[in-house]
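Here is the structure we will look at.
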Amino acid sequence: MQVIRNITELRATLAQARKKSDSIALVPTMGALHAGHANLIELARKQSDYVCLSIFINPLQFNSLEDLEKYPRTPEQDLSQARESGASLVFMPEHTEIYGQSREEQNQNVKVLAGSRSKGLCGAYRPGHFDGVVKIVSILFNLFRPDFAVFGEKDYQQLKVLEQLNADLHFGVKIMAAPLIRDLDGLALSSRNQRLSAEERKDALAIPTALRAVLERFERGTRISAELLELAQSKLSNLKVEYAQIVDCESLQPLQIVAEKAQLMVAAYAGSVRLIDNIRLEVQPAKGQ
Ligand code: AMP
């Protein structure tokens, strides 16, 4: 596994790799890798024999300096994990390698603006966040020119925003969605979980509990979003809820009634840690059909 920190070396290495491999897959991450990331790499390996992992804490997608500073950094463990999962290349640039100048100067740089899917949900509470995400992913797509890129459904809105970016800017990357991976207790795996105290972690379990409760109610026939969301809110009462919404799976627009399928999306704080989670609500075909 090659570890590369600068762009010149990356371009040269990828040019060689292209001669030997049929395809290149890219898994972008911000590090502090866990089993959710490992699953992304494994999925990528099913598509391609040359899997690249990028580890870059993208300052442009953080709204708060405190969140950026507190974001977990575990580079040594990340490299062992990447090796174990079968990555061929890890790209770990310094932030100046990507953006060049100081933070002030970066504000003058080219901007990439996320589309309509970025407006609600997290986008409404984290101004500029998805613009930062689409900028770094555009840079990574240009550097790697991957055939495949894998993103997790844990960040469902991000996945849909990036599908829109890929289509609108004609990057031509095949975007693959990896399923959300949970811990044994049901909490969605996230690098930010490391920052939860034992008590906060217990409180955070209200999120998967709420999602499951809504799914059960949905499976018993409730289709009215307001009723389902009232149940979600009641289960989340010990947390500071940012939003709980039922939205169209593609446009991410709120739905009053779930006709066939929808995505239940939640963001809530356990202490000072912001957590997101989601689940698909989908009418199952009657048995025998
Ligand atoms: P991050 O390092 O948190 O920016 O995440 C990098 C990629 O891993 C994104 O595509 C995430 O959606 C994905 N990811 C993070 N956590 C999970 C999880 N628990 N299950 C599935 N994918 C995940």
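Of all the residues in the stretch 210-227, those that are of a type outside the set (D, E, K, R), touching a residue at least 12 places away in the same chain (Cβ under 8 Å) and either out of contact with any Lys or Arg (no Cβ under 6 Å at 6 or more places or on another chain) or not in a helix (DSSP H, G or I) (or both) number 7.
Looking at this structure, is GLU242 among the acidic types (Asp, Glu) and surrounded by fewer than 17 Cβ atoms within 10 Å (Cβ to Cβ)?
Working: among the acidic types (Asp, Glu): yes; surrounded by fewer than 17 Cβ atoms within 10 Å (Cβ to Cβ): no.
Against the criterion (among the acidic types (Asp, Glu) and surrounded by fewer than 17 Cβ atoms within 10 Å (Cβ to Cβ)), GLU242 does not qualify.
How many residues, within the stretch 117-168, are assigned to a loop (DSSP other than H, G, I, E, B) and either within 15 Å of the ligand (Cβ to nearest atom) or touching a residue at least 40 places away in the same chain (Cβ under 8 Å) (or both)? So the answer is 8.
If we only count helices (runs of 4 or more DSSP H) wholly inside the stretch 1-98, which ones have 2 or more residues that are within 26 Å of VAL112 (Cβ to Cβ)? Let's see the steps before the verdict.
Numbers: elements: 7-20, 35-47, 65-70, 75-85.
Where helices (runs of 4 or more DSSP H) fall fully within the stretch 1-98 and carry at least 2 residues being within 26 Å of VAL112 (Cβ to Cβ), they are 7-20, 35-47, 65-70.
Among the numbered conditions (1) surrounded by fewer than 21 Cβ atoms within 10 Å (Cβ to Cβ); (2) in contact with a helix residue (DSSP H, G or I) (Cβ under 7 Å, 6 or more places away or on another chain), the only one that LYS160 does not meet is (1).
Considered as a group, the residues in the stretch 50-64 that are among the aromatic types (Phe, Trp, Tyr) and under 29 Å from ARG18 (Cβ atoms) include one that is surrounded by the fewest Cβ atoms within 10 Å (Cβ to Cβ), and that residue is PHE56. Every condition in (1) more than 24 Å from GLY132 (Cβ to Cβ); (2) more than 16 Å from the ligand (Cβ to nearest atom); (3) without any contact (Cβ under 8 Å) to a residue 40 or more places away in the chain holds for MET1 except the one numbered (3). Taking every residue in the stretch 48-69 that is modelled with pLDDT under 90 and pairing it with any residue that is part of a loop (DSSP other than H, G, I, E, B), at least 6 positions away or on another chain, the pairs with Cβ-Cβ distances below 6 Å are ASN63/ARG126. Count of the stretch 169-204 residues, restricted to those that are over 21 Å from LEU239 (Cβ atoms), in contact with a strand residue (DSSP E or B) (Cβ under 7 Å, 6 or more places away or on another chain) and within 13 Å of the ligand (Cβ to nearest atom), is 4. For ALA35, the requirement of being within 14 Å of the chain's Cα centre (by Cα) and surrounded by fewer than 19 Cβ atoms within 10 Å (Cβ to Cβ) is met.
Once the stretch 183-200 is narrowed to residues that are surrounded by fewer than 16 Cβ atoms within 10 Å (Cβ to Cβ) and not hydroxyl-bearing (Ser, Thr, Tyr), the residue that is modelled with the lowest pLDDT is GLN194.
The values are calculated or read from the model by the stated rules, or taken from the named source; none is laboratory data. Every value quoted in this text rests on a predicted model; they were computed, and no experiment measured them. So basically every Cβ, Gly included, is an ideal-geometry build from the backbone, and we count neighbours across all protein chains shown.
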